[in-house]
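Heads up, the thing below is written out as structure tokens.
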Amino acid sequence: MVEKITDNNFEEKVLNHKGTVLLDFWASWCGPCRMMSPVVEEIAESRPDVLVGKVNVDEEEELSARFKIFSIPTFIVLKDGKVQAQTAGARPKSALEALL
């Protein structure tokens with residue numbers, strides 16, 4: 001299941017999570033973001049060991065600024081609250097899985 005990540009739940013869901021987190025920074029008006037949504041859902045279903053979260057950049061401006069999001073979609077992988085990898089733009093599922 002993909003979690004909706006907000007400024008209110010970020011610390012609890014992401015920073016305090018023991019293990020790997022994949023964050024998808026997206027917007028509803030972004031074509032590549034909509035194209036990547038099923039891929040993100042597939043990863044969430046096939047990788048129960050990874051917390052998959054989506055951050056709406058229009059609703060969560062502070063989180064977007066914190067991670068210096070300039071283009072979307074941007075995918076960030078964190079492990080135990082620390083950023084491990086980051087990539088921007090539409091990517092094949094295999095490329096996202098390789099980040100994990």
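Taken together, the values in this text are just the output of simple stated rules run on the coordinates, not laboratory data. The structure presented is a predicted model; accordingly, all values stated were derived computationally and were not measured. Cβ: placed from backbone, ideal geometry, glycine included. Neighbour counts: every protein chain shown.
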About the Cα centre of the stretch 2-99, what is the dipole size in debye to 20, counting +1 per Lys and Arg Cβ and -1 per Asp and Glu Cβ, all else neutral?
-> 360
Report, ordered by chain and residue number, the aspartates and glutamates lying within cross-link reach of Lys93, taken as a straight Cα distance under 20 Å and ignoring same-chain residues fewer than 8 apart.
-> Glu3, Asp24, Glu41, Glu42, Glu45, Asp49
Computed FRET value (nearest 0.05) for Arg66 with Met1, which takes r as the C-beta separation and R₀ as 30 Å | 0.80
Two pseudo-spin positions, 7 Å from Cα along C-beta at Ala90 and at Arg34, lie apart in nanometres by 1.1
Could you point to the residue in Cys30, Thr87, Asn16 farthest towards the positive end of the stretch 2-99's charge dipole, with +1 and -1 charges on the Cβ of Lys/Arg and Asp/Glu respectively?
-> Thr87
Quickly estimate the mean residue ellipticity at 222 nm for the chain, helices only: each DSSP H run with n ≥ 4 gives -39500 (n - 2.57), and the total goes over all residues, rounded to 500.
-> -8500 deg cm²/dmol
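Run through the chain and list the trypsin sites (Lys or Arg not before Pro) located in a DSSP loop whose Cβ has at most 10 other Cβ atoms within 10 Å. Walk me through the intermediate numbers first.
Numbers: sites: Lys4, Lys13, Lys18, Arg34, Lys54, Arg66, Lys68, Lys79, Lys82, Lys93; in loops: Lys18, Lys68.
The qualifying sites are Lys18, Lys68.
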